[in-house]
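S.K.: The structure under discussion is supplied below as structure tokens; questions concerning it will follow.
The values are calculated or read from the model by the stated rules, or taken from the named source; none is laboratory data. All values derive from a computational prediction rather than experimental measurement. We place every Cβ from the backbone using ideal geometry, glycine too, and count neighbours over all the protein chains shown.
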Amino acid sequence: MSYEALADKVRAELSANGGPPSEENYAEAERLEGWEPVDIGEYLDGERTPDPTPELLAPRNLSGHVVAHGLFYRGCINSVHGDSGAGKSMLSGKAAQEEMACGGVVLWVDLEATLAETVARLLALGASADTLRERFVYVAPTNTVAGAVATLVDLVNEHEATLVVLDSLGEAFALDGVNEDSDAEVGPWMRRVLRPVAAAGPAVCLVDHSTKAKDNPLFPSGSKRKRAAWTGAGYLVTAPKPFAIGRSGLLKVTVAKDRHGTRARGEEAIRVDVEPQSSGELWLTPLQPPERDTATEDTPGGAFDAQVVAAVGDYLERDPERRASRNELEERALAGIRAGKDRKRASLDWAVREGHLSESTGPRNARLHGWIRDLNGGAE
């Protein structure tokens, strides 16, 4: 049986049973998937480019003009993750508002909030009631996501959706009984559920939570298979200046992974000014980071090595009163970290600038450092 025939059989089971197809058919389909030769002529002839560029949620200058690539790739699985209250759903809402303003259609799969909350957020971000009526499709499943892949793809095709937001990935796993820490469960779920949606053409944006582990604060919680499934880009969202009703704030968006290499891992992609207005609107303006953050030696685009920062944090947090010289940190905290000396020092400079490390002058003008807060600090 060909892969196309098996795919049709899987879709038929999805439609008929309202639940996931049999493991036997899935296993057979996955065994054959990708083994039919693909015509590469359209890439060689220049009809298609091998790597896309991210378009959605582009950084703007203070005049509102787009000045760099966006964050999310069309036809790909993208992700934003952060602590509770860090602004990840707000950032996704801003992407939705901008996409609808440009004529696109947004499909919002809501597993955390309510329709009232979601609509209120989009209105506050500048979406009009008429635009929402015409270009916003809202669903709030209560039983399964994996069992409704065919329905989800049909919704994308029927409404010609250009952006799909899944808020949140953790709640989707909970509905389907998936252990987010299990590679064996997360990998197949991501392939079966998300790839068909992205293959239909829209940018897919997953809203997720940050890891609590210190080994790499850039990553989301749970299995590494989450990151492997990102075919676009994934970002860590933090709030160094938390916002609230009537109070402005700042969001920082840091690259956790960019499959197509538009930005480097650890690079600060954008900053987002959050400005409440007297009218009740909430203005979110994606901005390029200041130039001082994009010219760090040996760190393209202002990238830092998250493992360096995490290792220093682990070392210094053992004794809150400890102040360590750079030589001590390099010889003890960073001895097992694979990174060049220049990159380690550039990462320490980044941590000082961002307020994670204190810096003082010690004997013989040594630079002494203490730990202030972890990478996600201030994002409550």
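S.K.: Scanning for something among the hydroxyl-bearing types (S, T, Y) and at pLDDT 85 or above, does region 339-359 turn up at least one residue? Even if it seems obvious, please write down each step before you answer.
M.R.: Of the residues in region 339-359, the ones among the hydroxyl-bearing types (S, T, Y) are 347, 358.
Adding the requirement that they be at pLDDT 85 or above leaves 358.
For region 339-359, residues among the hydroxyl-bearing types (S, T, Y) and at pLDDT 85 or above: present.
S.K.: Of all residues in region 37-76, which are at pLDDT below 70 and over 23 Å from L287 (Cα atoms)?
M.R.: R48, T49, P50
S.K.: Sticking with this structure for a sec: For region 315-351, what are the residues that are in contact with an Asp or Glu (Cβ under 7 Å, 6 or more places away or on another chain), surrounded by 15 or more Cβ atoms within 10 Å (Cβ to Cβ) and either free of Cβ contacts under 8 Å to residues at least 12 places away in the same chain or not basic (K, R) (or both)?
M.R.: Result: A339, A346, S347.
S.K.: Suppose the filter is under 19 Å from I77 (Cα atoms) and outside any helix (DSSP H, G or I); does L155 pass it? Before the answer, list the steps.
M.R.: Details: under 19 Å from I77 (Cα atoms): yes; outside any helix (DSSP H, G or I): no.
Criteria not met by L155.
S.K.: Out of all the residues in region 182-194, is one or more of a type in the set (D, E), surrounded by fewer than 18 Cβ atoms within 10 Å (Cβ to Cβ) and modelled with pLDDT of 95 or more?
M.R.: no
S.K.: Going through region 66-76 one residue at a time, which ones are assigned to a strand (DSSP E or B) and surrounded by fewer than 20 Cβ atoms within 10 Å (Cβ to Cβ)?
M.R.: We begin by selecting, within region 66-76, every residue assigned to a strand (DSSP E or B); these are 66, 72.
V66, the sole residue that qualifies.
S.K.: Can you tell me which residue is farthest from R60 (Cα to Cα) among those in region 88-137 that are buried (at least 16 other Cβ atoms within 10 Å of the Cβ) and in contact with a Ser or Thr (Cβ under 7 Å, 6 or more places away or on another chain)?
M.R.: So, considering only residues that are buried (at least 16 other Cβ atoms within 10 Å of the Cβ) and in contact with a Ser or Thr (Cβ under 7 Å, 6 or more places away or on another chain), the one farthest from R60 (Cα to Cα) is L111.
S.K.: Taking the condition in contact (Cβ under 8 Å) with a residue 60 or more places away in the chain, in the same structural domain as A256 (by TED's automatic domain parsing) and surrounded by fewer than 16 Cβ atoms within 10 Å (Cβ to Cβ), does G177 pass?
M.R.: On the way: in contact (Cβ under 8 Å) with a residue 60 or more places away in the chain: no; in the same structural domain as A256 (by TED's automatic domain parsing): yes; surrounded by fewer than 16 Cβ atoms within 10 Å (Cβ to Cβ): yes.
Answer is no for this residue.
S.K.: Working only within region 93-116, note down all residues that are over 20 Å from V153 (Cα atoms) and assigned to a helix (DSSP H, G or I).
M.R.: Of everything in region 93-116, those that are over 20 Å from V153 (Cα atoms) and assigned to a helix (DSSP H, G or I) turn out to be G93, K94, A95, Q97, E98, A101, L115, A116.
S.K.: I need a count of the residues in region 148-164 that are touching a residue at least 60 places away in the same chain (Cβ under 8 Å) and surrounded by 20 or more Cβ atoms within 10 Å (Cβ to Cβ).
M.R.: Summing the residues that are touching a residue at least 60 places away in the same chain (Cβ under 8 Å) and surrounded by 20 or more Cβ atoms within 10 Å (Cβ to Cβ) in region 148-164 gives 4.
S.K.: Taking region 208-264 as the region of interest, how many residues are in a strand (DSSP E or B) and among the aliphatic types (A, V, I, L, M)? Write out each step before concluding.
M.R.: At the first step, the residues of region 208-264 found to be in a strand (DSSP E or B) are 208-210, 220, 233-241, 244, 247, 249-258.
Then drop every residue that is not among the aliphatic types (A, V, I, L, M), which leaves 233, 236-237, 239, 244, 250-251, 253, 255-256.
Final tally of qualifying residues: 10.
S.K.: Further question: Scanning for something closer than 25 Å to S248 by Cα, β-branched (V, I, T) and out of contact with any helix residue (DSSP H, G or I) (no Cβ under 9 Å at 6 or more places or on another chain), does region 114-122 turn up at least one residue?
M.R.: Taking every residue of region 114-122 in turn, at least one turns out to be closer than 25 Å to S248 by Cα, β-branched (V, I, T) and out of contact with any helix residue (DSSP H, G or I) (no Cβ under 9 Å at 6 or more places or on another chain).
S.K.: Pairs, please: C-beta under 9 Å, at least 6 apart or cross-chain, first residue over 27 Å from N78 (Cβ atoms) and in region 29-57, second of a type in the set (A, V, I, L, M, F, W, C) and at pLDDT below 70?
M.R.: What qualifies is L32/M1; L32/L6.
S.K.: If you scan region 77-87, which residues turn out to be at pLDDT 95 or above and surrounded by fewer than 24 Cβ atoms within 10 Å (Cβ to Cβ)? Don't jump to the end; show me each part of the working.
M.R.: Initially, region 77-87 is screened for residues at pLDDT 95 or above, giving 77-81.
Correct list: empty.
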